[in-house]
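Some notes on the structure that comes next.
Here, each number is a calculation from the coordinates, and none is a lab measurement. Just so you know, these numbers come straight off a predicted model, no measurement behind them. Positions of Cβ are backbone-derived with ideal geometry, glycine not excepted, and every protein chain shown enters the neighbour counts.
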Amino acid sequence: SFEEALKQLNREGPIIIRQVTAMDDKHEVRELMRKRNKNFPNEFPYRSKCIVVFQEHDGVDVILFALYVNEYGEKTPPPNQRVVSIAYLDSVNLMRPRKLRTIVYKEILIAYLDYARRRGFATAHIWSCPPAKGDDYIFYAKPGDQPTLPATELRKWYIDMLVQCQKRNIVGQ
């Protein structure tokens, strides 16, 4: 269970979750898209956030996981109104104990989706494409023994997390 995982983690080093950025920005709609649909807006305002997870190792906060989300609020025009987008997610396998990485990272995503739902967001999009060999989304120079999941396994990882969300009535479909 997650409660047992937390007890193990606290023996190894506490987990710290911080929102390190929150910036307002906008996506400008390209001309070709506006030509296709004359009623399409010129831009979509959103708030970009970066959420980072640390674990204390011998008195030092070690970064383990980062999540970038874009939140398109009530004032954003359709079709992006009340949409959250999990744009980037990356991790480094330095968690102690390592076996708890999956449960902790899924719980963080579940908690974020629940937070977004409670704030009135109606739709969530998750970017689920693994980086190409040699590329990194957020962290550079990961440990050599850290594999990158193939696309099919990464999608399964997200689907398993979303099934847990459905069981807890956090997401519908």
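Here are the numbers for the structure shown:
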read-out: Added length on full extension, which subtracts the Cα-Cα distance from 0.36 nm per residue, R47 to Q173; value: 42.9 nm
read-out: Helix 101-118 axis, angle to the chain major axis (alpha carbon atoms, nearest 10°); value: 40
read-out: Relative contact order (%) - criterion: Cα under 8 Å, at least six apart; region: the stretch 39-86; value: 34
read-out: Reported label for calculated Kirkwood radius over Cα pairs in Å given (i) 16.5; (ii) 17.8; (iii) 17.2; value: (ii)
read-out: Average Cα contact separation per residue, the chain, under 8 Å, 6 or more apart, as relative contact order %; value: 17
read-out: Surrounding net charge for Q8, when Lys and Arg each add one and Asp and Glu each subtract one, Cβ distance under 13 Å; value: +3
read-out: Candidate lysines for bridging to K167, where Cα separation is under 29 Å - those fewer than 8 sequence places away on the same chain excluded; value: K7, K49, K99, K106, K156
read-out: Part-to-part distance (alpha-carbon centres) for the stretch 18-51 and the stretch 107-173, which is given in Å; value: 21
read-out: Segment I17-K75, length gained on full extension (0.36 nm per residue, minus Cα span); value: 18.1 nm
read-out: Cut-off under 5 Å, modelled amide H: who pairs with V62 long-range; value: Q55, E56, H57
